[in-house]
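Sending over a structure as structure tokens; questions will come in a sec.
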Amino acid sequence: MSPAALLNTFDRKEQITLAVGIIGTVVTAILQAVQVNSLIVFVAAAITMAALAGAVGDSTDQLGSRLGPGATGVLQSALGNLPELFIAIFALQAGLVTVVQAALVGSILGNSLLVLGLAFLIGGLKHGTQRFGKTQSRMIAMLIMLAVAALAIPTLATRPGQPDAPHAEELSVICAVVLLIVFAASIPFSLSGGPGASSEGVSTEKHWPMPLTLIVLAGAGIAAAFVSDWFVAALKPTIEAAHISEGFAGLVIVAIAGNAVENVVGVQMAARNEMDLAISVILNSSLQVAVALTPALVLISLFLAGHLLLVLPVLLLAALGLAAVLAALIVYDGESTWLEGLALIGLYVIIAASFWWG
């Protein structure tokens with residue numbers, strides 16, 4: 001295949017995403033090698049990570065378009081969070097447990113509040129009251145509430161003076177295993193296109209050749225592993241130089257960097273009044289982090305320098321619980337308005353501001 005024909009295989013958005021991912025990886029590698037200011041490396045790595053996440057998502061959609069919407073949901077669950085997984089592993093190895101905890105919660109909050117709020121706000125201003133399927137949104141909301149409970153119980157049970165206080169790690173592992181079992185049980189629903197399928201109605205205007213799809217997926221995944229390492233290496237000096245807390249860095253900056261491209265897609269779907277797809281993309285992103293990525297990292301961290309526990313600071317837990325409840329109340333009736341979107345965004349801003357100082 002000639003270079004021109006290869007280029008025409010991708011649409012303009014895909015071309016830009018791949019170009020930013022490739023160029024960004026090379027530039028970040030050079031900046032890291034010559035040891036420039038850590039803030040510059042951090043910004044370059046963050047932009048590159050967002051592009052690589054988009055490339056992983058595009059190639060996953062291409063695979064799913066051949067297998068059906070349900071299978072696409074399973075693929076997205078397994079592969080869509082690769083960049084976040086790599087960032088978390090390297091951060092845990094570096095001992096940045098607080099950043100990882102905040103980033104995981106930040107991913108859930110960012111999708112359930114900020115991105116869902118933007119989707120409702122933009123879609124509502126453009127189309128008025130919008131409607132979407134109730135069954136899937138209620139199922140996702142229920143599973144997210146389960147994940148919140150799996151965080152709340154270890155946090156409360158291991159407070160100082162409680163009988164479970166010395167057993168935070170064991171209780172976290174038990175909760176992680178339960179969440180992964182529930183996630184595995186949801187896969188048949190995804191394969192049948194029922195509740196839990198994360199790409200209902202997925203379509204792609206151009207089909208990539210299968211070898212090209214696999215090459216892009218593998219290349220983006222490998223590049224994401226390297227860039228994640230550089231991103232984490234620059235993270236701690238950047239936090240110190242910018243005088244921001246580890247909690248804010250994880251909750252807002254790291255979380256948004258790992259989800260930026262995926263989030264844009266959900267808002268675009270709402271602007272086109274394709275609300276079933278918008279809700280599916282946005283809420284399933286939160287769901288995958290809550291019931292798959294987080295418990296998987298708890299188990300993986302047992303072999304790393306920093307151990308991730310499902311024991312959160314009280315403010316982080318309260319923020320997550322309030323966000324889950326508000327999002328569930330809003331999506332439960334299968335309708336959305338711009339005012340509901342503004343309310344979700346408002347809560348996100350309040351939570352983010354509360355973590356600015358610590």
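The values are calculated or read from the model by the stated rules, or taken from the named source; none is laboratory data. Quick caveat, the model's predicted, so the values are computed rather than measured. Ideal geometry is used to build each Cβ from the backbone, glycine not excepted, and the neighbour counts take in all protein chains shown.
Return the only residue of Ser285, Ser354 being under 27 Å from Ala45 (Cα atoms) and within 17 Å of the chain's Cα centre (by Cα).
Numbers: Ser354 fails: within 17 Å of the chain's Cα centre (by Cα).
Result of the check over Ser285, Ser354: Ser285.
Name the residues in the stretch 66-78 that are at pLDDT below 65 and in a helix (DSSP H, G or I), would you?
Leu67, Pro69, Gly70, Ala71, Thr72, Gly73, Val74, Leu75, Gln76, Ser77, Ala78
Further, regarding this structure: For the stretch 93-109, give me each residue that is surrounded by fewer than 24 Cβ atoms within 10 Å (Cβ to Cβ), closer than 14 Å to Leu310 by Cα and not polar (S, T, N, Q).
Val97
Working carefully through the options Ala225, Ala234, find the one that is crowded, with 20+ Cβ neighbours inside 10 Å and either at pLDDT 85 or above or not polar (S, T, N, Q) (or both). It would help to see each step written out before you state the result.
Working: Ala225 fails: crowded, with 20+ Cβ neighbours inside 10 Å.
Matching residue, one of Ala225, Ala234: Ala234.
For the stretch 336-353, state whether one or more residues are touching a Ser or Thr at 6+ places or on another chain (Cβ under 6 Å) and at pLDDT 90 or above.
There is at least one residue in the stretch 336-353 that is touching a Ser or Thr at 6+ places or on another chain (Cβ under 6 Å) and at pLDDT 90 or above.
Now a separate question. Please enumerate the residues belonging to the stretch 115-142 that are aliphatic (A, V, I, L, M) and surrounded by 24 or more Cβ atoms within 10 Å (Cβ to Cβ). Quick ask: steps written out before the conclusion?
Here is the first cut: in the stretch 115-142, the residues aliphatic (A, V, I, L, M) are 115-116, 118-119, 121-122, 125, 139-142.
Val115, Leu116, Ala119, Ile140 - these are the residues of the stretch 115-142 that are aliphatic (A, V, I, L, M) and surrounded by 24 or more Cβ atoms within 10 Å (Cβ to Cβ).
Look at the stretch 116-147 and say how many of its residues are of a type outside the set (D, E, K, R) and modelled with pLDDT of 90 or more. Write out each step before concluding.
Pass one, the stretch 116-147, residues of a type outside the set (D, E, K, R): 116-125, 127-130, 132-133, 135-137, 139-147.
If we keep only those that are modelled with pLDDT of 90 or more as well, we get 116-125, 127-130.
Looking only at that region, the number is 14.
Okay, moving on. For the stretch 253-358, which fully contained helices (runs of 4 or more DSSP H) count at least 2 residues that are free of Cβ contacts under 8 Å to residues at least 12 places away in the same chain and surrounded by fewer than 19 Cβ atoms within 10 Å (Cβ to Cβ)? Full working, then the answer.
Details: elements: 255-271, 275-288, 294-300, 314-331, 338-354.
In the stretch 253-358, 255-271, 314-331, 338-354 are the helices (runs of 4 or more DSSP H) which contain 2 or more residues that are free of Cβ contacts under 8 Å to residues at least 12 places away in the same chain and surrounded by fewer than 19 Cβ atoms within 10 Å (Cβ to Cβ).
Search the stretch 206-229 for residues that are more than 13 Å from Val26 (Cα to Cα) and pair each with any residue that is of a type in the set (Phe, Trp, Tyr) and in a helix (DSSP H, G or I) when their beta-carbon atoms are under 7 Å apart and the residues are at least 6 apart or on different chains.
Ala225/Phe86; Ser228/Phe86; Ser228/Phe90; Asp229/Phe90
Next question. Please verify whether Gly117 is within 18 Å of Leu293 (Cβ to Cβ) and assigned to a helix (DSSP H, G or I), treating the condition exactly as stated.
Working: within 18 Å of Leu293 (Cβ to Cβ): no; assigned to a helix (DSSP H, G or I): yes.
So Gly117 does not fit the description; no.
Within the stretch 8-52, which residues are of a type outside the set (Asp, Glu) and not in a helix (DSSP H, G or I)? Even if it seems obvious, please write down each step before you answer.
Start the filter on the stretch 8-52 by keeping residues that are of a type outside the set (Asp, Glu), which leaves 8-10, 12-13, 15-52.
Once the filter is applied, which keeps residues that are of a type outside the set (Asp, Glu) and not in a helix (DSSP H, G or I), the stretch 8-52 yields Thr9, Phe10, Gln35, Val36, Asn37.
If the requirement is being modelled with pLDDT under 85, outside any loop (DSSP other than H, G, I, E, B) and not acidic (Asp, Glu), which of these qualifies: Pro195, Pro163, Pro188?
The match here is Pro188.
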